[in-house]
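The values are calculated or read from the model by the stated rules, or taken from the named source; none is laboratory data. What you see is a predicted model; the values in this text were computed from it and never measured. When we count neighbours, we look across all protein chains shown, and the Cβ atoms used for this are built from the backbone with ideal geometry, even at glycine.
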Amino acid sequence: MKKTIFITGASSGLGKAAALLFAKNNWNVIATMRTPENETELAEVANITLLPLDVTDNEQIQETVKNALAIGKIDVVFNNAGYGLAGPFEGATDDQLTNQLNTNLLGVMRVTQQFLPHFRENKAGTLITTTSIGGLITFPFFSVYHATKWALEGWSESLAFELKEFGITVKTVSPGGIATDFASRSLVMTQNEAYDEQLNNVLSVFMDPEKAKDYSTAEQIAAVVYEAATDGKSTLRYVAGTDAKQMYAQRIAVGEEAFRQGIEQVFYKK
């Protein structure tokens, strides 16, 4: 019997790559996005169903999950919708703060909550959430984004304990850099001119073409999501991508304070 995965944020990047990979491997895929009427590539795949979903709209979450469950049993929920808020924290507007937390954190929580009765009744189910290497380490000028991703890591780790008794597995996939249009499509910047010089220095390090050589493709990260969904293990955290694995291993090896000093040296060369 075919298994079914429900994916949020499937219009581009990792979400779309995951939808295509699971469909290719004979899964039924329910791919959700804010404007499914604009999606052409996924619409042409026989075992992919498109549904509308804005993860900041609680009423729509309830309606879309209800419609998804009416199709049949769902085995895996992949919480992938999200975007980045970057720039000086002092310059963040209240709307920017609220939108970031609503999308990256509360959206994941609300979607997950709607599926829990279904998973409990079936005594089975896997919840996978895209966090980020930015949920395990930090960089300058991403404080609010990091707040959401660190929160998801802690939430997932705690949730795994309470859901295990019901046969539900909780996992996170923490990618490093992905060679997608995330920076142009999924990045919102705050503004405060007092930080301009510092911010420009930091961004010049991020934009270094040498750095991008270590980035993964969306398809490579999607393969890790597929592994998490199918390996039958209770492993919580899947650090994905060469750059992410190296950075996280280094943080563990040298300790948090030494690692923080190393990050400072990279971005604030004297």
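Of all the numbered requirements in (1) closer than 25 Å to residue 226 by Cβ; (2) within 13 Å of the chain's Cα centre (by Cα), residue 146 misses one, and that requirement is (1). Among all positions in segment 100-121, there is at least one residue which is touching a helix residue (DSSP H, G or I) at 6+ places or on another chain (Cβ under 7 Å) and more than 29 Å from residue 230 (Cβ to Cβ).
Among the residues of segment 108-141, those that are within 13 Å of the chain's Cα centre (by Cα), in a helix (DSSP H, G or I) and buried (at least 18 other Cβ atoms within 10 Å of the Cβ) comprise 108, 133, 134, 135. Going through (1) of a type outside the set (D, E, K, R); (2) surrounded by 18 or more Cβ atoms within 10 Å (Cβ to Cβ); (3) within 24 Å of residue 51 (Cα to Cα) one by one, residue 155 falls short only on (3). Selection of segment 50-76 for residues being touching a residue at least 60 places away in the same chain (Cβ under 8 Å) and assigned to a loop (DSSP other than H, G, I, E, B) yields 72, 73, 74, 75. Scanning segment 11-49 for residues that are in a loop (DSSP other than H, G, I, E, B) and without any contact (Cβ under 8 Å) to a residue 60 or more places away in the chain turns up 11, 26, 27, 34, 35, 39, 40, 41, 45, 46, 47.
Here residue 185 meets the list (1) modelled with pLDDT of 95 or more; (2) under 26 Å from residue 17 (Cα atoms); (3) of a type in the set (Lys, Arg) almost entirely, failing just condition (1).
Tell me whether segment 33-54 contains one or more residues that are at pLDDT 95 or above, touching a strand residue (DSSP E or B) at 6+ places or on another chain (Cβ under 7 Å), under 29 Å from residue 234 (Cα atoms) and crowded, with 21+ Cβ neighbours inside 10 Å. Yes: segment 33-54 contains one or more residues that are at pLDDT 95 or above, touching a strand residue (DSSP E or B) at 6+ places or on another chain (Cβ under 7 Å), under 29 Å from residue 234 (Cα atoms) and crowded, with 21+ Cβ neighbours inside 10 Å.
Looking at this structure, is residue 263 surrounded by fewer than 18 Cβ atoms within 10 Å (Cβ to Cβ) and either at pLDDT below 95 or within 16 Å of residue 134 (Cα to Cα) (or both)? When the stated conditions are applied, residue 263 passes them.
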